[in-house]
1. State all residues of segment 14-61 that are surrounded by 15 or more Cβ atoms within 10 Å (Cβ to Cβ) and touching a Phe, Trp or Tyr at 6+ places or on another chain (Cβ under 7 Å); if no residue qualifies, say none.
2. So Val89 fits all but one of (1) modelled with pLDDT under 95; (2) assigned to a helix (DSSP H, G or I); what number is the exception?
3. Please work out which residue is surrounded by the fewest Cβ atoms within 10 Å (Cβ to Cβ), limiting yourself to segment 154-166 and to residues that are touching a residue at least 40 places away in the same chain (Cβ under 8 Å) and closer than 15 Å to Leu213 by Cα.
4. Tell me whether segment 46-61 contains one or more residues that are modelled with pLDDT of 90 or more and within 24 Å of Ser188 (Cβ to Cβ).
5. Is it true that Arg199 is within 18 Å of Gln92 (Cα to Cα), modelled with pLDDT under 95 and either in the same structural domain as Thr106 (by TED's automatic domain parsing) or buried (at least 17 other Cβ atoms within 10 Å of the Cβ) (or both)?
6. Looking only at segment 62-80, count how many residues are free of Cβ contacts under 8 Å to residues at least 12 places away in the same chain and touching a Phe, Trp or Tyr at 6+ places or on another chain (Cβ under 8 Å).
7. For residues in segment 126-138 being exposed (fewer than 14 other Cβ atoms within 10 Å of the Cβ) and over 26 Å from Phe76 (Cα atoms), which is farthest from the chain's Cα centre (by Cα)?
Amino acid sequence: MPKVTEDYIENKKKAIIDAAYEVCRSKPLTSVEMKDIIEKTGFSHGVIYRYYQNLDEVLLDILLRINQSNNLNERFLRLTHEEEEWKAVIRQTCKMLSDMIVSAGTDTLKIAAYADTFAVSDPERVLKISERLNKKAINPIISLEALMNEYLKEIIEKESLQPTLSLDNIMQFMSASARGIQTDYLLSESFGSENYKNRYNPEDMFSCLAESLIIMLGGTGK
């Protein structure tokens, strides 16, 4: 029997994840079954289960691929070292988030939306997947929020700012707003009607979010 190389294994797993990605973008995660992925790959049951013991392991690798597709943390850290004006950092960070949503494409955003529904319907199962995911790669959005939280703590003290709300509340507002913009953009892009398509411009929405954050932190907007 010929020796199975690492490249061979990685190529097989990639083919499985590619097929699973196609399945997951076309139906809610709560409805996805292992047989759907098996049918999509054209592989036998034995081949699939040689690389993945169950559906959750497949979903884990899909989420891992999505999480590793951007470098938000590196870009934010570079931004904070290169830009001295804190308002500019907030504006450029929001622009980064806008660019990320648009570049991700509706297929990836659909999977993210399906993941939210999955979390509501089966929170214990999703929590286990999330815990395993965070051991391999921390969610870039969560990691970015943590970095931004530490940065803003320093800025509030350094600039003697007087935020209108606690920093925790401001960060929660940012997180909820970003998720809402992402959802509205996905919905507007998914509708075929011209009345809805292109209705939401993420860059404009994130620009509004940036100015809101600046005001909440005690600064003045544009």
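The values are calculated or read from the model by the stated rules, or taken from the named source; none is laboratory data. Because the structure is predicted, anything quoted here is derived from the model rather than measured. FYI the Cβ positions are ideal-geometry reconstructions off the backbone, even for glycines, and counts take in every protein chain you see.
1. Of everything in segment 14-61, those that are surrounded by 15 or more Cβ atoms within 10 Å (Cβ to Cβ) and touching a Phe, Trp or Tyr at 6+ places or on another chain (Cβ under 7 Å) turn out to be Ile16, Cys24, Pro28, Leu29, Val58.
2. (1)
3. Taking the candidates together, the pick is Gln162.
4. No.
5. no
6. Of the residues in that region, 0 qualify.
7. Lys128
Yes/no matrix, rows are residues, columns are (1) over 21 Å from Glu145 (Cβ atoms); (2) without any contact (Cβ under 8 Å) to a residue 40 or more places away in the chain; (3) touching a Lys or Arg at 6+ places or on another chain (Cβ under 9 Å); (4) not assigned by TED's automatic domain parsing to the domain that holds Ile155:
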residue: Lys35; (1), (2), (3), (4): yes, yes, no, yes
residue: His45; (1), (2), (3), (4): yes, yes, yes, yes
residue: Tyr49; (1), (2), (3), (4): yes, yes, no, yes
residue: Ala104; (1), (2), (3), (4): no, yes, no, no
residue: Ala115; (1), (2), (3), (4): no, no, no, no
